[in-house]
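First up is the structure itself, then whatever we jot down about it.
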Amino acid sequence: MAFLSQSRGRAFGMKMAACLALGVAVFATLAYAAGTQIFDPKTRKWVEYDRKKARSYYAAHQQVPEAFRRQIVKFRTAEKPGTIIIDGNQHFLYLVQPGFTAIRYGIGVGRDGFGWAGIVKVGRTAEWPTWTPPAEMVARDPNARKWAGGQPGGPDNPLGARALYLYQGDQDTIYRIHGTPEPWTIGLDVSSGCIRMNNDDVTDLHSRVAVGAKVIVLMQGASLYKGV
Amino acid sequence: MVGKRLLRRSGVALVSLMTFCGTGFAADLVVGMPNWPSGQASANIIKYGIEKKLGLDVEVREMGTLIIFAGLDSGDVDVHPEVWQPNLDSVVKKYVDERKSVQLSPKKVTATQGLCATRETTEKFGIKDVADLKDPMKTSVLDTDGDGQGEVWIGAETWSSTPIERIRARSYGYAETVKLLEMPEDVGMAAVDAAAATNTPMVFYCYSPHHVFNLHEIVELTEPEHDQAKWNIVLPAEDPANWLSKSSAPVAWAPSHFQIAFATKTSERLPKVASFLSNIDFTPEEITEMSYALEVERQDPAAYAQQWIAKHADRLEAWSK
């Protein structure tokens, strides 16, 4: 692996990272400047990986750094194939495969991480989903106003090519795993709470995942977990 | 189930009536099943073993440990397959020593519990002893949420060990330097998997026998050995408001073990069952195999138990004597 990644400088200041996708209010946050570092094997140093670097890297290579590209990795686990494990801290989503392997995808997460940890499931999925901006966003952002009634699915839609809707039991959690029209944001903490993947990856994940699949969200953000 | 248990004691007429109403026959015996894998396997081995050797109808029912104990006391439940001590010392004292409504099998399976880390954590990041957890510089590498402070998973919210781990963290002093996380075991174990896959450090509550020792290179953190004089535990159930402030345990867990428990009423009603349960002699290795089979190989607890029974006719024979 040429690049490792790690998250730094993020703090949780809100009760729940609400997701733009469903139009839920995004609460005020005390978050520090979000940031990711990646390990540069040439200099053997951790280097900042911010929005500017991500854009220039993507412009130069037409893809994200190697750590965040889709790849099969060794992954010893007791979870059965088909389970999704989300590590927001390292910006990885694992889809468990047979033989102690997993497909690892790079993800972008919310400015405040995922906001919670626990076990949910894929309740439903959608291809080229409609995006409806939250009322607050409609009120403050003229660009969002024109989509107050819902932006149809397509290449400019913030939800990208596919969406996996995460449920707890039969209840929609308001969290989604979705695509993005901004692939250079993979590896960053930029969205408003959901898990974003580039469109090729979310399409690949969608093709492999069954409704009902178990989704484990790791402890990043677990300070907000009930009982902690 | 209260209805079923009443049925069991109320004679043929009631049984016939309820059967007519579609409820079905009640089991002769109810085995409480905890939510961890070896407990699930052993509950089912007990069920199929007793059904095969003693010809009784046995029901396995999932429930929490304290509910099982209340059921053993009231007569609604007959067996708990895996009672951990010292975790449940106070519960054992109440039901076994004082009320005498519950009995423990004389056969014990030795176990360990404490804090573990991936080998990488101990060798590369120097976190080897619980004292290292008091050093914020060392524990900052355990940070997963970007606030600069490390996190340690101390178990599931429902486990009897979890409040004790919180007491230990406070007593040792690392409750001040790391954030203590409580969440389901699957989340804790998946975090270990992800840490191992990326060579990222991680410290977590661990117990053996457990399959995680077969999945990853796991090292137990060292700590001062157990001293009963320093082990003062008040559980939340005993004092919901002040259990933490009243407790202190700046030492390792006592050498742990677990045993099968059964209701005194059951031993009087079905002495052969009590004898069978008292003869069960699982080894730590067998318990680890059970844990691995159910959690890693995804085997169904009932199917696994039936295979186990088929392969271990000699053991069943010995337990039946």
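The values are calculated or read from the model by the stated rules, or taken from the named source; none is laboratory data. Everything numeric here is computed off the predicted structure, so don't read it as measured data. So basically every Cβ, Gly included, is an ideal-geometry build from the backbone, and we count neighbours across all protein chains shown.
Assorted remarks:
- Counted residues, the stretch A:72-113 - those being touching a residue at least 60 places away in the same chain (Cβ under 8 Å) and of a type in the set (S, T, Y): 2
- Considering only residues in the stretch B:130-151 that are of a type in the set (D, E, K, R) and within 14 Å of chain A (Cβ to nearest Cβ), the one that is surrounded by the fewest Cβ atoms within 10 Å (Cβ to Cβ) turns out to be B:D147.
- So A:V73, is it surrounded by fewer than 24 Cβ atoms within 10 Å (Cβ to Cβ), more than 21 Å from B:P37 (Cα to Cα) and either within 14 Å of the chain's Cα centre (by Cα) or within 11 Å of another protein chain (Cβ to nearest Cβ) (or both): yes
- Within the stretch B:176-193, one or more residues are within 11 Å of chain A (Cβ to nearest Cβ) and in contact with a Cys (Cβ under 9 Å, 6 or more places away or on another chain).
- Unique match (being buried (at least 19 other Cβ atoms within 10 Å of the Cβ), assigned to a helix (DSSP H, G or I) and touching a residue at least 12 places away in the same chain (Cβ under 8 Å)) among B:I154, B:I167, B:I127: B:I167
So that you can scan it fast, the table gives a plain yes or no per residue for (1) at pLDDT 85 or above; (2) in contact with a strand residue (DSSP E or B) (Cβ under 6 Å, 6 or more places away or on another chain); (3) over 23 Å from B:A190 (Cα atoms):
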{"site": "A:H91", "(1), (2), (3)": "yes, yes, no"}
{"site": "A:G99", "(1), (2), (3)": "yes, no, no"}
{"site": "A:R104", "(1), (2), (3)": "yes, yes, no"}
{"site": "A:A117", "(1), (2), (3)": "no, yes, no"}
{"site": "A:T125", "(1), (2), (3)": "yes, yes, yes"}
{"site": "A:P133", "(1), (2), (3)": "no, no, yes"}
{"site": "A:M137", "(1), (2), (3)": "no, no, yes"}
{"site": "A:Q151", "(1), (2), (3)": "yes, yes, yes"}
{"site": "A:L159", "(1), (2), (3)": "yes, yes, yes"}
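- Of the residues screened, B:Y292 is not one that is surrounded by 16 or more Cβ atoms within 10 Å (Cβ to Cβ), out of contact with any His (no Cβ under 6 Å at 6 or more places or on another chain) and touching a residue at least 60 places away in the same chain (Cβ under 8 Å).
- Of the strands (runs of 3 or more DSSP E) entirely within the stretch A:126-218, those holding at least 2 residues that are more than 24 Å from A:Q71 (Cβ to Cβ) and touching a Lys or Arg at 6+ places or on another chain (Cβ under 9 Å) occupy A:162-168.
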